[in-house]
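> So that we are looking at the same thing, I have put the structure below in structure tokens.
The values are calculated or read from the model by the stated rules, or taken from the named source; none is laboratory data. Bear in mind the structure is a predicted one, so any value in this text is a computation, not a measurement. Cβ sites come from the backbone with ideal geometry, for glycine too, and all protein chains shown count toward neighbours.
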Amino acid sequence: MFWFPLLAVLIWSGNAIVSKLAAGTIEPGVIAFYRWFLAWLLVTPLMFRPLWQQRRALRPYLGKLLILALLGMVLNQSLGYYAAQSISAVNIGIHNALIPLLTLLLSLWLLREPPTLGMLSGALLSLSGLLWLVSAGQPGRLLAQGMGHGDALMLLAVFCYALYGVLHKRWALPLSGWQQIYLQMTAALLWLLPDFLRASHWQLDSQSWPLVAYAALPASLLATWLWLEGVRTLGASRTAICMNLLPLFTALLAVIGLGEQLQGYHLWGGGLTLLGVLLCQLWRQPLRRLPPRAMANAGC
């Protein structure tokens, strides 16, 4: 059953390649809008009627759905498209590898999850790997020139998605997976419309249509279905581990499909980042041991 999340991660890795190809073909605001509009059109015949019948029951959750759509479908995706204009697909994949780490760190604050030794050591390792990556192996350059515009946008994008995941878990809305996805797509179109209307060209041609179709169908719908099936059959924790393969798949596709070259700083920076994420996920020893009285009260 690991095929479900593995295929989902492979498809999402391909979306990083699409983002890079779109950088010179279609404006970020246009592909972001068309992506969700096409997916929304395909899902509407299945979802609109039952949700309309439940509209009064859904009303209390609309504000939270708007926030989730803004973080997960608008800011994360749009910032990624803008970042792809100035950074490589390999860099995009390595930045995306930080999502599980940021999710765990945000969980300390929003979900009150206890810190672990893996979180501390993993955060330090991932931070050093990220600094090595964005400085192209010359950390001193960051002090002189600062972080590149594309890297900064990509960091903000992955932070938004990590926050999306944590809020999704905290709020635990009483809706099925596809109900939430459809309602978030509807809200995302409202958020994306102003940026779309500001674009200079809305038309799609023979080069841009395949990019929009990939982003809307495999990356938005098929991969989502595969991921949800993985969660259903394997559980959320085991499925989430597959996300660590995202930078590897992205790098392979970028080398094969775009002809990008892997540099030493990609390997070192990506390796340290991935190792840090794995430590966060697998090393669950508490940062501080509970005192004997607290352990007794907890039934330990």
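> Go through the residues of the range 190-207 one by one and say whether even a single one is of a type in the set (D, E, K, R) and exposed (fewer than 14 other Cβ atoms within 10 Å of the Cβ).
The answer is yes; a qualifying residue exists.
> Among the listed residues 144, 187, identify the single one that is farther than 17 Å from residue 19 by Cα, at pLDDT 95 or above and among the hydrophobic types (A, V, I, L, M, F, W, C).
Of the residues listed, the single one that is farther than 17 Å from residue 19 by Cα, at pLDDT 95 or above and among the hydrophobic types (A, V, I, L, M, F, W, C) is 187.
> For residue 24, only one of the following conditions fails: (1) part of a helix (DSSP H, G or I); (2) under 19 Å from residue 201 (Cβ atoms); (3) of a type in the set (Gly, Ala, Ser). What is its number?
With (1) part of a helix (DSSP H, G or I); (2) under 19 Å from residue 201 (Cβ atoms); (3) of a type in the set (Gly, Ala, Ser) applied to residue 24, the lone miss is (1).
> Another question about this same structure. Would you say residue 178 is aromatic (Phe, Trp, Tyr) and modelled with pLDDT of 90 or more?
Considered against the rule, which asks whether it is aromatic (Phe, Trp, Tyr) and modelled with pLDDT of 90 or more, residue 178 comes out as yes.
> Looking at residue 113 and the list (1) assigned to a helix (DSSP H, G or I); (2) farther than 19 Å from residue 153 by Cβ; (3) modelled with pLDDT under 80, which single condition is not satisfied?
Failed condition: (1).
> Another question about this same structure. Determine if the range 29-45 includes at least one residue that is buried (at least 18 other Cβ atoms within 10 Å of the Cβ), touching a Gly at 6+ places or on another chain (Cβ under 7 Å) and either in contact (Cβ under 8 Å) with a residue 40 or more places away in the chain or not in a helix (DSSP H, G or I) (or both).
Looking through the range 29-45, none of the residues is buried (at least 18 other Cβ atoms within 10 Å of the Cβ), touching a Gly at 6+ places or on another chain (Cβ under 7 Å) and either in contact (Cβ under 8 Å) with a residue 40 or more places away in the chain or not in a helix (DSSP H, G or I) (or both).
> When the residues of the range 227-266 are narrowed to those that are more than 25 Å from residue 130 (Cα to Cα) and surrounded by 20 or more Cβ atoms within 10 Å (Cβ to Cβ), which ends up modelled with the highest pLDDT?
Here the residue is 227.
> Regarding the range 264-271, can at least one residue be identified that is over 18 Å from residue 90 (Cα atoms) and under 19 Å from the mean Cα position of the chain (by Cα)?
Within the range 264-271, none of the residues are over 18 Å from residue 90 (Cα atoms) and under 19 Å from the mean Cα position of the chain (by Cα).
> Using the structure shown, decide if residue 107 is surrounded by fewer than 20 Cβ atoms within 10 Å (Cβ to Cβ) and within 18 Å of the chain's Cα centre (by Cα).
Against the criterion (surrounded by fewer than 20 Cβ atoms within 10 Å (Cβ to Cβ) and within 18 Å of the chain's Cα centre (by Cα)), residue 107 qualifies.
> Those residues that are surrounded by 16 or more Cβ atoms within 10 Å (Cβ to Cβ) and assigned to a helix (DSSP H, G or I), I need them from the range 166-177; list them, please.
Listed by number, the residues that qualify are 166, 167, 168.
> How many residues, within the range 44-58, are at pLDDT 95 or above and in contact with a Phe, Trp or Tyr (Cβ under 6 Å, 6 or more places away or on another chain)?
Of the residues in the range 44-58, 0 are at pLDDT 95 or above and in contact with a Phe, Trp or Tyr (Cβ under 6 Å, 6 or more places away or on another chain).
> Please go through the range 208-225 and give me each residue that is surrounded by fewer than 18 Cβ atoms within 10 Å (Cβ to Cβ), under 14 Å from residue 19 (Cα atoms) and either β-branched (Val, Ile, Thr) or without any contact (Cβ under 8 Å) to a residue 40 or more places away in the chain (or both), ordered by number.
209, 210
> Checking residue 105 against (1) part of a loop (DSSP other than H, G, I, E, B); (2) farther than 22 Å from residue 16 by Cα; (3) not aromatic (Phe, Trp, Tyr), which single condition isn't satisfied?
Answer for residue 105: the failing condition is (1).
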